[in-house]
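Student: This is the structure I have questions about; it appears just below.
Read-outs throughout are calculated quantities, based only on the coordinates presented, and are distinct from any laboratory measurement. Note that the structure is a prediction, hence the values are computed from the model and not measured. Note that each Cβ is placed from the backbone with ideal geometry, even for glycine, and that neighbours are counted across all protein chains shown.
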Amino acid sequence: MHHDVTSLSEFYYASDLGRSAQRNLQEALREIWPNTKRMTVAGYGFAAPFLRPFMADATRTLCLMPARQGVIHWPHDAPNTATLIDGGRWPIANGFIDRLIVAHAVETEGHLDDLFEEIGRVLAPEGRVIVIAPNRSGIWARADSTPFGIGRTFSYGQLEQLMEQHDLSPTARAAALYAPPSERRFWLRSAKALERFGLRIDAQRVAGALLVEATKQVYALPKGGIRERAGGVLQPTRVRPIPVGATSEADLAARNKRNG
């Protein structure tokens, strides 16, 4: 089963529960990335509801939506920066993106290795990605009425293992959506207080969404280059220059003696 852009849009933009989830996830993301000045910020999957807070200070914001999901115009009140793409082949240059949000993608992606290969390819050196995924132990994963009740669920360890397998080094964990996934007025009014309470007591096991940040690993040769890394096997040796016409050290010694 895949996410559909129409149902995702209706949840986040037309339902009270979706708008509450949007605010809480935006706050969690902004807590991790408080400053994106002069950066290129992008989202993959259905990240449109979470990109707006970054528009004010980022150099550019891009919204990449997989073909199986569909695409919408985004942002709705400005020139479109959303595009429909193949999940394993992004029309993005190597190292172009500084910050990437992956939302409503890993739970339904058929080829996770291909996805994480693309994530690593498009991230700039020391670029960062945040993956948002349904929490395996949270109650939102059991609610079919929300996007978090579709597809796979994850633990922190599973997300971090995926990242590490593709040269992405996990750097931070966060969680959001501590209130029950209910449209009832009482729970909607209580959502903000429950979010603060959940964060304060670190009740990540019951949160609806997990957020894992990772940075792109950049490998550099150690000081001294490959020779030093090889532990001396390739260490250079001193060689005396041999004049033209001399074929060995013995010839050179004999010539020097004659010229004595």
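Student: Starting with the fewest neighbours, write out 39, 163 ranked by other beta-carbon atoms found within 10 Å of each beta-carbon.
Tutor: Fewest-to-most ranking of 39, 163: 39, 163.
Student: Hey, another quick one. By how many nm would the segment from residue 192 to residue 217 lengthen if fully extended, with 0.36 nm per residue of separation less the alpha-carbon distance?
Tutor: 5.4 nm
Student: Can you list residues whose amide H is under 5 Å from residue 175's amide H, if they're 5+ apart or on another chain and H is modeled 1.01 Å from N?
Tutor: When sequence neighbours closer than 5 places are left aside, the close amide H contacts are 211.
Student: Rank by packing, highest mean first: peptides 206-215, 116-125, with packing defined as the count of other Cβ atoms within 10 Å averaged across residues.
Tutor: 206-215, 116-125
Student: Using a 10 Å cut-off around each Cβ, can you sort 37, 192 from fewest to most neighbouring Cβ atoms?
Tutor: 37, 192
Student: Give me, ordered by chain and number, the residues 5 or more places off residue 15 or on other chains with an amide H under 5 Å from its own placed amide H.
Tutor: Hits under the 5 Å cutoff: none.
Student: Just for region 36-189, what percent of DSSP beta bridges are antiparallel, to the closest 5?
Tutor: 5 percent
Student: Viscosity 0.692 mPa s, temperature 37 °C: Stokes-Einstein D of region 5-216 from its Kirkwood Cα radius, in µm² per second?
Tutor: Value of D from the Cα-based Kirkwood radius: 192 µm²/s.
Student: Something else about it: I'd like the distance separating the alpha-carbon centroids of region 86-155 and region 2-33, in whole Å.
Tutor: After rounding, the separation between the Cα centres reads 15 Å.
Student: Follow-up question, since we're still on this one. Across region 176-181, in residue order, what do the Karplus-derived ³J(HN,Hα) couplings come to in whole Hz, using 6.51 cos²θ - 1.76 cosθ + 1.60 with θ = phi - 60° and x for Gly and Pro?
Tutor: 8, 6, 8, 6, x, x
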